[in-house]
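The values are calculated or read from the model by the stated rules, or taken from the named source; none is laboratory data. Just so it is clear, the structure is predicted and the values come from calculations on it, not from any experiment. Because the Cβ atoms are built from the backbone with ideal geometry, glycine has one as well, and the counts that use them run over all protein chains shown. For the accessible areas, the whole protein counts, side chains as well, though only heavy atoms, and no ligand, DNA or RNA atoms are used. Shrake-Rupley method; radii C 1.70, N 1.55, O 1.52, S 1.80 Å.
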Amino acid sequence: MRRTLSAVLVSAVAAMSMVSIIGVSQAAAQSGLKWGPCPADSALPGLQCTTVQVPLDYRKPQGRHIDVAVSRLASKDPSQRRGVLLTNPGGPGAGGLIYPGLLASNLSPQPLPKSVQDRYDVIGFDPRGVGHSTPVTCDVTPEQIARRNLPYPESAADVRKDARIAKAIARQCVTSETAALLPHITTANTARDMDRIREALGEPKISYLGTSYGTYLGAVYTTLFPQRSDRFVLDSNLGPGGYDRTAQRRFGRGLEDRFPDFAKFAAANPQYGLGTTPKQVRAKFFELAARLEKAPVQGIDGSLFRGTTFDLLYSDAGMPTLAAVWQALDTDQPLPAEPPLTNIDNTISSRLHVICGDSSWPRSVRTYQRDVAVQRVAHPLIGAAAANINPCAFWPSPVEPPVRIGDRGPSNVLLVQNLRDPGTPLVGARELRKALGSRARMVTADQGGHGAYLLFAANMCANTTVTTFLTTGHRPHRDLACAAEAGR
């Protein structure tokens, strides 16, 4: 969710049924997609790309259309092919065009198993508003980018100051050259786009692998189109409200759940000089945050220090880098090099379009001030930042109510979740599991980090359970708890 900078359609159900009928005939006209090379920044071996046109406003399916960029990694063994596996890496605001290639390549510490690659054409796409699909902009300034996501307010006055900045960004979004797109860049519309992709591919159903925000996108799709859903894997789960106000506040709890893993790592590696016990490492966090807030080091203040800590705890692989960052800030030594960030305006802008357009956020600055005061005490690592105001407080009202995730539909969803996830804490996964009811099973893994299947997650019990479901359709008869394994 945050790593990229690092919510019943009561009035619309009848309308969506009509849209689905209309969609079949339009997709038939554009079947036989022309696949070709992917854009240079998304080109990986075996990956092909194309474009699918979708309605900007599904209430007006004959109106303006926009582009959705789609990629395909064809089945490695067509004789074993079952269908298509759509994927989404999270966000919102993250592009997914390159994702199938990353999942399958040696760039991934644990690539998508060959058995899964044999069964499916793995499909990626840049969601509407993002990247090589029709993009949006808020014309964010370098100064706004430099503040990063979720600045940490030290006082009620800081919240008022942040409110002025957030209001300015919201105004930029609603007056930008892409402002006509703003009401329509939502999770529900992206799910409808997924169904247009399915139709364009000529498939009766889709299977799905979605991570982080992608879990909510998948839950929305299989709620709107349950009979077109095959095998759905939701990894690192948001609650049934998606990336709403509750999800943002839960970052505070998530870091509290996750931080002990890093404290143990740093204490076991005294060369970093951060303490020899987990208690000392936690104390060092607050010492550094206070010191940097008073006197930033190399452009890093207390707020950015807290955010960097949060970001780098998304995987165990980030712990050595995080420890080195702390050490460098503590001793005023050069910081580890960071890869350059690209297309940041679009990443921030599309993220805001989705989270602000999906659900309503409080409008009162005082509400955020109260929440910040509470969360600063309840979750002192980053709770005040997670409760802080953002441009959604000044966003136009959503054009449709959130999708209500429920238990109507086939029993074909598997949730997989780490116990100590900073970005999507376990509490949200449990709520989504309850909302889906008999449709779902959940696998929990006793490990930390964001992302429980493959990539940097090494719990073989969880990984094998997901792979088995994708390849055979077999799920555990009841929810499964995978114990901690060596090194985790």
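Numerical summary
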quantity	calculated
Scattering profile of region 398-475 at q = 0.21, 0.24, 0.25 Å⁻¹ [log10 I(q)/I(0), Debye over alpha-carbon scatterers]	-0.97, -1.13, -1.17
Cα-centre dipole for region 136-198 with unit charges at Cβ (Lys and Arg positive, Asp and Glu negative), debye to 20	120 debye
Relative contact order (%) - criterion: Cα under 8 Å, at least six apart; region: region 34-147	27 percent
In Hz, Karplus ³J(HN,Hα) per residue of region 460-474 (6.51, -1.76, 1.60; θ = phi - 60°; x = Gly, Pro)	5, 4, 5, 4, 5, 5, 5, 4, 4, 5, 5, 8, 10, x, 7
Within the accessible area of region 301-342 (1.4 Å probe), percent carbon and sulfur	57 percent
Spatially proximal lysines relative to Lys294 (Cα-Cα < 21 Å; intrachain offsets below 8 disregarded)	Lys161, Lys284
Carbon + sulfur, % of accessible area of region 47-86 - ligands and nucleic acids excluded, 1.4 Å	40 percent
Region 190-289: C-alpha gyration tensor shape, a/c 1.5 cut-off, then a/b vs b/c	prolate
Cross-link partners of Lys76 among aspartates and glutamates (Cα-Cα below 13 Å; sequence separation of 8 or more within a chain)	Asp118, Asp121
Charge dipole magnitude, Cβ of K and R +1, D and E -1 - the chain, Cα centre, debye nearest 20	1120 debye
Candidate lysines - alpha carbon under 27 Å from Lys434, same-chain residues fewer than 8 apart omitted	Lys205
Estimated D of the chain in µm² per second, where Rh is the Kirkwood radius over Cα pairs and Stokes-Einstein applies at 37 °C, 0.692 mPa s	143 µm²/s
Residues whose placed amide H lies under 5 Å from that of Cys38, excluding near-sequence neighbours	Cys49
Check: region 126-255 dipole with +1 on Lys, Arg Cβ and -1 on Asp, Glu Cβ, in debye	420 debye
Cα point-scatterer Debye curve for region 250-344, base-10 log of I(q)/I(0) at q = 0.20 Å⁻¹	-1.01
Within the accessible area of region 129-225 (1.4 Å probe), percent carbon and sulfur	54 percent
DSSP beta bridge pairing in the chain, given as percent antiparallel to the nearest 5	35 percent
The chain: calculated mean residue ellipticity at 222 nm from DSSP helix runs of at least 4, using -39500 (n - 2.57)	-13000 deg cm²/dmol
Relative packing of peptides 265-278, 449-462 - highest average C-beta neighbours within 10 Å first	449-462, 265-278
Whole-Å semi-axes of region 287-327's equivalent ellipsoid (Cα gyration tensor)	19, 9, 7
Surrounding net charge for Thr276, when Lys and Arg each add one and Asp and Glu each subtract one, Cβ distance under 14 Å	+4
Region 165-174 - phi-based ³J(HN,Hα) in whole Hz, Karplus 6.51/-1.76/1.60, Gly and Pro as x	5, 4, 5, 5, 5, 4, 5, 4, 5, 7
Length gained when the stretch Asp41-His65 is fully extended (0.36 nm per residue, less Cα-Cα span)	6.2 nm
Accessible surface, per residue, of the chain when the full set of protein chains is kept, probe 1.4 Å, Å²	39 Å²
